[in-house]
1. How big is region 57-142 on each of its three principal axes, counting only the C-alpha atoms and giving the largest first in Å?
2. Using unit Cβ charges (K, R positive; D, E negative) and no other charged atoms, how large, in debye to the nearest 20, is the dipole of the chain about its Cα centre?
3. How would you rank 39-45, 25-31, highest first, on the average number of other Cβ atoms within 10 Å across their residues?
4. What spacing in nm lies between the two simple spin-label points modelled at residue 80 and residue 177, each 7 Å away from Cα in the Cβ direction?
5. Whole angstrom only: what separates the Cα centroid of region 24-49 from the Cα centroid of region 83-124?
6. Find which of 149, 94, 168 sits farthest along the positive direction of the dipole of region 27-177, computed with +1 on the beta-carbon of Lys and Arg, -1 on that of Asp and Glu, about the Cα centre.
7. Can you tell me the order of 101-113, 151-163 when each peptide is scored by its average per-residue count of other Cβ atoms within 10 angstrom, highest first?
8. No other cysteine beta carbon under 4.7 Å away is the test; run it over the chain and list who passes.
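The numbers here are math on the coordinates, done by the rules we state, and not lab data. Computed from a prediction, not measured in an experiment: that's the story for all the values here. Glycine gets a Cβ as well: all are built from the backbone with ideal geometry, and neighbour counts include every protein chain shown.
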Amino acid sequence: MDERGRSYGYVGPADLAVAVRRPGREGRAIRSVGDLDDWLSAQPVPERWEPFTFVVDLVGVLRLAPRRSEHVGCAGTGVDGGSARVLGGGEMTFGREHSRWVVTEVSNQSTGYCPDTGSWWAVAAAVDRAGVTRPGGFTYEVVFRRCPGCAENSIVREGEFVCVFCGGDLPEEWNVE
């Protein structure tokens with residue numbers, strides 16, 4: 001499947017999505033370096049250097065929220081009133097280089113959406129569109145799979161495709177949704 005055609009639906013606990021999703025309260029849209037500078041400047045100083053929660057919405061816009069935010073809250077509400085789908089999500093850390101903010105670390109670590117590592121194209125495109133310098137790929141990749149045996153979402157660790165919940169084999173291909 002062409003990774004550019006994939007979007008990700010929320011797969012976390014429904015009660016959590018209801019608790020944190022508020023129309024109009026999604027993560028801050030970052031469409032330019034100025035948007036990023038404004039948003040980061042408004043964050044408490046010690047937190048500026050910590051990873052932030054991010055998603056890439058369906059129109060390819062990077063959205064940021066404080067680290068302890070849920071990805072489903074950052075994504076906001078979909079057109080159907082449910083949780084919005086995303087093109088990617090995870091955690092992103094920023095640093096300063098030549099008086100500008102740059103992405104220093106980025107992962108696809110979102111247990112609410114479990115995006116595949118192939119979602120990098122959407123993250124890279126959103127950051128590039130905003131005019132922010134970034135690494136060439138995820139600096140930390142998480143491989144998510146749904147166990148066909150117990151139906152739990154698992155993280156593949158050290159290349160071992162084994163469910164941490166039941167010990168069953170996990171598929172090689174992404175299958176979380």
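1. Here the Cα extents, ordered largest to smallest, are 43, 24, 23 Å.
2. Dipole size: approximately 640 debye.
3. So the order, starting with the most tightly packed, is 25-31, 39-45.
4. 1.1
5. Between the Cα centre of region 24-49 and that of region 83-124, the gap is 14 Å.
6. Of the candidates, 94 comes out farthest on the positive side.
7. 101-113, 151-163
8. So, 74, 114.
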